[in-house]
Amino acid sequence: MIHPKTELKFINNDIGYGVVATEFIAAGTITWALDKLDREFSPMDFQAMDSIYQDILDTYTFRNNNGNLVLCWDNGRFVNHSFNSNCLSTAYDFEIAIRDIHPGEQLTDDYGYLNVSKPFRGIDEGTKRKVVYPDDLLKYSKIWDKKLLKVFYKIPKLEQPLKPLISEDIWNEIIAISEKKKEMESIINNFYSEK
């Protein structure tokens, strides 16, 4: 489920639609969490589908660490890619804002941690990276972990509208990490290899 202080909005002809903040979202806020309405499709499920459905799943899903395609039921599926994303996935089935997000600003993910099946060229944002590769999680996990750790401690201190979607065990782990009693699991745990 995507953060409730967001809406779907047309961005431009190159990007199409995206998810934008309707109110200020502080760094450390959970911006998306896997929930019971999100659907998961195995590679066998995908192969058994007609091409019209395969095209939809190719466009709107991400691959989890089990190799299954996850389709968000809400506007979460419209979060666009950025090489300088303001949200990052964690190893705990939720994403957080890694910097403050202001009203009207898009929520963005780096698709490099979503286990893409084939490389694609992103929109040029003036960054060193220009292409998203299937093994980006292996290359950039340490960088992404550092970005997560800078704001992870804020999670229990902020208003979290998506907290009801986080299990008690995971919430207790978040608190332990924020109090430096436990190490945060690396985003690399999200990696899926087809080999």
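Could you list, in sequence order, the residues of segment 124-139 that are over 16 Å from residue 184 (Cβ atoms), at pLDDT 95 or above and not charged (D, E, K, R)?
Scanning segment 124-139 gives 131, 132, 133, 134, 138.
Given the conditions (1) modelled with pLDDT of 95 or more; (2) loosely packed, with under 12 Cβ neighbours inside 10 Å; (3) closer than 25 Å to residue 15 by Cβ, and given that residue 113 satisfies all but one, which numbered condition is not satisfied?
Checking residue 113 against (1) modelled with pLDDT of 95 or more; (2) loosely packed, with under 12 Cβ neighbours inside 10 Å; (3) closer than 25 Å to residue 15 by Cβ, the one that fails is (2).
Within 16 Å of the chain's Cα centre (by Cα) and farther than 20 Å from residue 1 by Cβ: is that true of residue 124 in this structure?
no
Residues 123, 187, 98, 177: which one is in contact (Cβ under 8 Å) with a residue 40 or more places away in the chain, out of contact with any Pro (no Cβ under 6 Å at 6 or more places or on another chain) and open to solvent by less than 20 Å² (accessible area, probe 1.4 Å)?
The match here is 187.
Is it true that residue 57 is touching a Ser or Thr at 6+ places or on another chain (Cβ under 9 Å) and not charged (D, E, K, R)?
In short, no.
Identify all residues within segment 64-105 that are part of a strand (DSSP E or B), over 22 Å from residue 163 (Cβ atoms) and either under 11 Å from the mean Cα position of the chain (by Cα) or β-branched (Val, Ile, Thr) (or both); write none if there are none.
80, 81
Tell me which of these residue 14 doesn't satisfy, since it passes every other one: (1) open to solvent by less than 90 Å² (accessible area, probe 1.4 Å); (2) at pLDDT below 95.
The failed condition is (1).
Just checking, does segment 50-58 include any residue being open to solvent by less than 60 Å² (accessible area, probe 1.4 Å) and assigned to a helix (DSSP H, G or I)?
Within segment 50-58, one or more residues are open to solvent by less than 60 Å² (accessible area, probe 1.4 Å) and assigned to a helix (DSSP H, G or I).
Within segment 63-85, track down each residue that is closer than 12 Å to residue 6 by Cβ and not acidic (Asp, Glu).
75, 76, 78, 79
Please work out which residue is nearest to residue 109 (Cα to Cα), limiting yourself to segment 163-186 and to residues that are of a type outside the set (Asp, Glu) and touching a Lys or Arg at 6+ places or on another chain (Cβ under 9 Å).
If we take residues in segment 163-186 being of a type outside the set (Asp, Glu) and touching a Lys or Arg at 6+ places or on another chain (Cβ under 9 Å), then 186 is nearest to residue 109 (Cα to Cα).
Taking segment 128-166 only, how many residues are part of a loop (DSSP other than H, G, I, E, B) and surrounded by 11 or more Cβ atoms within 10 Å (Cβ to Cβ)?
Total satisfying the criteria: 12.
The values are calculated or read from the model by the stated rules, or taken from the named source; none is laboratory data. What you are looking at is a predicted structure, and each value in this text was computed from that prediction instead of being measured. In this analysis, Cβ positions are derived from the backbone assuming ideal geometry, glycine residues included, and neighbour counts consider all displayed protein chains. We work out accessible area using only protein heavy atoms, side chains counted, and drop any ligands, DNA or RNA first. Shrake-Rupley method; radii C 1.70, N 1.55, O 1.52, S 1.80 Å.
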